[in-house]
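Read the figures in this text as sums done on the coordinates, not as results from a lab. Since the structure is predicted, the reported quantities are computational estimates derived from the model, not experimental observations. Virtual Cβ from ideal backbone geometry, glycine too; neighbours counted across all protein chains shown.
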Amino acid sequence: MAKDKEVKDIILKLIMIDVDGETMQHILQQVGMQDQMLRQLMLTQPAELVEALIEERNELEKKF
């Protein structure tokens, strides 16, 4: 499929430019997928990881 090749090409370009987390977040925001990606990752990652990240966020919020 042409779409599959385009996706592979985009992934290769992202790898070649060594895209960082902030840039990837910006890309997701620009294509309107930030909320969807957050939900997908939260629901597909181990609960322990999600809970640890929520705890980390709560600790950071206490500092401010």
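Can you tell me which residues in region 33-64 are β-branched (Val, Ile, Thr) and touching a helix residue (DSSP H, G or I) at 6+ places or on another chain (Cβ under 8 Å)? Please lay out each step first, then the result.
Initially, region 33-64 is screened for residues β-branched (Val, Ile, Thr), giving 44, 50, 54.
Once the filter is applied, which keeps residues that are β-branched (Val, Ile, Thr) and touching a helix residue (DSSP H, G or I) at 6+ places or on another chain (Cβ under 8 Å), region 33-64 yields only VAL50.
Please go through region 12-64 and give me each residue that is part of a helix (DSSP H, G or I) and among the acidic types (Asp, Glu), ordered by number. Even if it seems obvious, please write down each step before you answer.
In the first step, residues of region 12-64 are kept if they are part of a helix (DSSP H, G or I); the result is 12-16, 21-30, 34-44, 47-63.
Within region 12-64, GLU22, ASP35, GLU48, GLU51, GLU55, GLU56, GLU59, GLU61 qualify.
Would you check if ASP4 is exposed (fewer than 10 other Cβ atoms within 10 Å of the Cβ) and acidic (Asp, Glu)? Give the steps one after another, and end with the answer.
On the way: exposed (fewer than 10 other Cβ atoms within 10 Å of the Cβ): yes; acidic (Asp, Glu): yes.
Yes, satisfied.
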